[in-house]
Every structure is written in C-alpha cells, then in structure tokens.
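Have a look at this one.
The values are calculated or read from the model by the stated rules, or taken from the named source; none is laboratory data. The structure displayed is predicted, hence computed values, not measured ones. As a convention, Cβ positions derive from the backbone with ideal geometry for all residues, glycine included, and neighbour counts pool all protein chains shown.
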Amino acid sequence: MSVTAAEGFVASGCHAGIKKRRHDMALLATDDRRPVACAAVFTQNKFPAPPVELDRRRLAENGGKSAAIIVNSGNANAGTGAAGYGDARAMTAAAAEALGIGEDDVLVCSTGIIGTPLPMEVILKATPKLAKTLSAEGAENAARGILTTDHKTKQVVVKGSGFTLGGMAKGCGMIAPNMATMLAFLTTDADVSAEEMQAILREASDRSFNTLNVDGATSTNDTAILLASGRRGRADLNEFADAVHRACEDLTLQMARDAEGMTKMVMLRVTGAMSDAEARAAAKTIAENNLVKCSWYGEDPYWGRLLAAAGSAGVAFEPEKSSVAYGGTIVSRGGTHADHDGEAVRSHLKEERIDIEVALGLGSGTARMIGIDLGPGYIKENSRTS
C-alpha cells in the first residue's frame, strides 16, 4: 500500500480502453466518502488543461476540500477547449454518482496526449467499476492507472511519530522545474488544515519536484494533491512538513530514475551566485542545454559546455572566478583547464549518478537541480508519442 497507507483512504485502478492494454484509469477516495482537507499545486503553464482549471476553481470555491479524485491516463484532455472542460466535469459527475457524493467534492486529473478529445464512452463505462472495486489494497492498481510512458509505478510511504503519509506519482518526460511538474497524489491521516498543507506542499514541491528537469518542458496538466483524513489527530507541523518533503523527494528521485531514455542522473549544484534566484536560473539553463546533456550521455567531462551554458543564463558571471567539479574533482578554474586526476573523473562519469558543481565565485546564492542525459532512448520515445 502507498496512497492508501494512511487511515481513511481507498483506491482502485483499471484498464478502461483509453490505451490498448495497460491500466489507464484510477480512483482515489475517502473510505467514508466524506470530504477532507485538501491542498494542491498546479502547473504554471499558461496553456492549462481543463482538469487543472476545474480543480483550481473547485478548491478555491470550497476552501480546500475533496472526497475523491478520478484520474485517466493516455489522454491529457488538453487543448480541447470548452468541450474538454465539459468532459472533465462529466468525469467528476460520473464519479460522484458512483460514489454517492456531491460532484463538487470530486477532483479530476488527466495525463497523456494533448489535443485529442477524451474517449468519454469508455471512461464513463469504467467509472462505476472503479467505485465498486475501491479498497485499501487497490493502491497498486491505482498507481498503474495513472502512468503514461513510465516504465514502473512510483510509490512512497513515510511513517511519522503519530501519523502516516503515503503517495503515488507519475512522470518520466515533459518535466521541468515549474510548480508540480507531473501528477502526484499524497494522503495522510494527520489532522492538518488545508491552509497549513497548502504552504507545506508548496515548499516541499519547490524543494523536490521543482528541482527535477528531464527535458525543460512544463506540462499542461501538472498537479500535486495532498489529502488529510485527520483520523489520527493533530500532528506536529514541523515533523509533518519534513515527512511531506521526504515523500516528495523520494517520488522525485523515482521519476528521475525512470526518465525517458535516461542513462545518467545528474545532481547539479550551482554555488556562489549573486542570489538563490540567479543560481536557479543558471542551473536550469545548464540542465536544459542539449550539448551538456549529450556530454553526460557520452560520459564526457566537457566542462566548457557547462560554463558556456552558465554564461548564457542571463545572470552575473565572471569566468575568472568560476570553477567546475565532477564528483568533487575540480577540472576547471578561472574559466580554463585545471590539472586534475583524469581517471577519477572518468570513473565517476561511468556511474549512473553524477555529481557536478559549477561554482560562480560571486556570492552566496545556491541551487540544486536534478538533470538527465540526452540519448537515443529519449528521442525514440518522443518521436512516436502522437
């Protein structure tokens, strides 16, 4: 169990027919069908999908409550206009009817291909089945039902001193550091208000989900939702916030390891920037640079590409104060080559996880980003998704 590990939640998943064979729908609900405190963060893409628009509106209107979330994969219901918004509402209405609850207590998420209408006939037919098969044991099927090009499910459980936090996520492509950057669903039996959770989830997302940059592409559907049943009483907020961060961090690393075509996961640190904001800007530019990403794939310690990317980030940059290190071994100082142990660097680059630091030497600003290499696997996957 993951998303149902906390008391008060049930889940299910199934193959509805949106995809040819794999699970493509999921339902998460409270076991007593009552709405509970809910917080969410959404994509900042200015081309949001109708499910995002609907969820934002509902949570704003009801003060942060939800009793169920219905999810489909294989089709993002994005770029579908007013008809797509109507389909998103129809999904929540069908789930509400099957669960015997109010439509306004249901949220909806979709993920997959952009610009194609939802196959509503198969979705509406499958929804009652999802409701009937809800159980605490249904977490695995739900985690499978939200996947798109993922190779494996992403699930997590964190135990607190007086509460449990569980979650599931999907995402391995079209991920950039801008709000939630995928679909993630977290549940807890701690008694925490929607307002408290909103601040905690936003900070946790910034420290985890927003550090992952697979390809620089921010999806139209990015959503992270946290539900609290309150079954086990009031939680210490500091401990709870730490648990949420750890859960999000775990899911982030799972997504990084499952990134489309990934052979290298790069833990990139930019230090010595004039501010944290400038460090983040430089890290984002480096992690998204295709020449840099190709050098990671080729296990090539091409520090010049890193500095060239940093120099194009629009932040304060003085080459003579910079340095670059791979796995703790400095390979460049002052914008030029530094004598170093080449074998140590080559050995480090053969590992799946690579640690890189680009030090700007100008201030105290720092940022961390998880980057992914670029190789044939990514191109193969994304040349045939539509």
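Considering every residue within the stretch 121-131, establish whether at least one is part of a loop (DSSP other than H, G, I, E, B), β-branched (Val, Ile, Thr) and at pLDDT 95 or above.
No, because not a single residue in the stretch 121-131 is part of a loop (DSSP other than H, G, I, E, B), β-branched (Val, Ile, Thr) and at pLDDT 95 or above.
Please verify whether Lys154 is of a type in the set (Lys, Arg), in contact (Cβ under 8 Å) with a residue 40 or more places away in the chain and crowded, with 22+ Cβ neighbours inside 10 Å, treating the condition exactly as stated.
Criteria met by Lys154.
While we're on this one: Please verify whether the stretch 123-137 includes one or more residues that are within 24 Å of Val41 (Cα to Cα) and touching a residue at least 60 places away in the same chain (Cβ under 8 Å).
no
Same structure, new question: One residue is enough: does the stretch 276-291 have a residue meeting the conditions over 30 Å from Thr149 (Cα atoms), buried (at least 23 other Cβ atoms within 10 Å of the Cβ) and free of Cβ contacts under 8 Å to residues at least 40 places away in the same chain?
No, the stretch 276-291 has no match at all.
Can you tell me which residues in the stretch 183-214 are assigned to a loop (DSSP other than H, G, I, E, B), out of contact with any helix residue (DSSP H, G or I) (no Cβ under 7 Å at 6 or more places or on another chain) and crowded, with 19+ Cβ neighbours inside 10 Å?
Scanning the stretch 183-214 gives Asp189, Val214.
Okay, residues lined up against (1) aromatic (Phe, Trp, Tyr); (2) in the same structural domain as Ile18 (by TED's automatic domain parsing); (3) in contact with a Gly (Cβ under 8 Å, 6 or more places away or on another chain):
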site: Ala76; (1), (2), (3): no, yes, yes
site: Tyr85; (1), (2), (3): yes, yes, no
site: Asp105; (1), (2), (3): no, yes, no
site: Cys109; (1), (2), (3): no, yes, no
site: Ile114; (1), (2), (3): no, yes, yes
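Within the stretch 137-152, track down each residue that is of a type outside the set (D, E, K, R) and out of contact with any strand residue (DSSP E or B) (no Cβ under 6 Å at 6 or more places or on another chain).
Once the filter is applied, which keeps residues that are of a type outside the set (D, E, K, R) and out of contact with any strand residue (DSSP E or B) (no Cβ under 6 Å at 6 or more places or on another chain), the stretch 137-152 yields Thr149, His151.
While we're here: Here is a list: Arg333, Arg305, Arg368. Which entry is buried (at least 17 other Cβ atoms within 10 Å of the Cβ), of a type outside the set (S, T, N, Q) and in contact with a helix residue (DSSP H, G or I) (Cβ under 7 Å, 6 or more places away or on another chain)?
It is Arg305.
Sticking with this structure for a sec: Show the residue pairs that are 6+ apart or on different chains and have beta-carbon atoms under 6 Å apart, the first residue being within the stretch 57-69 and assigned by TED's automatic domain parsing to the domain that holds Phe185, the second being assigned to a helix (DSSP H, G or I) and aliphatic (A, V, I, L, M).
So the pair list comes out as Gly64/Ala194; Ala68/Ala95; Ala68/Leu99.
Residues are listed down the side, and each one gets a yes or a no for (1) acidic (Asp, Glu); (2) assigned to a loop (DSSP other than H, G, I, E, B); (3) within 26 Å of Glu195 (Cα to Cα); (4) in contact with a Leu (Cβ under 7 Å, 6 or more places away or on another chain):
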| residue | (1), (2), (3), (4) |
| --- | --- |
| Lys20 | no, yes, no, no |
| Ala39 | no, no, yes, yes |
| Asn45 | no, yes, yes, no |
| Pro48 | no, yes, yes, no |
| Leu54 | no, no, yes, no |
| Ala83 | no, no, no, no |
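Would you mind finding the one in Gly86, Gly160, Gly102 that is surrounded by fewer than 24 Cβ atoms within 10 Å (Cβ to Cβ), in contact with an Asp or Glu (Cβ under 6 Å, 6 or more places away or on another chain) and at pLDDT 95 or above?
None of the others qualify; the one that does is Gly160.
Being outside any loop (DSSP other than H, G, I, E, B), among the aliphatic types (A, V, I, L, M) and at pLDDT below 95 narrows it down to one of Ala241, Ala256, Ala247, so name that one.
Ala256
Taking into account only those residues within the stretch 369-385 that are more than 8 Å from Met262 (Cα to Cα) and part of a loop (DSSP other than H, G, I, E, B), which is modelled with the lowest pLDDT?
Thr385
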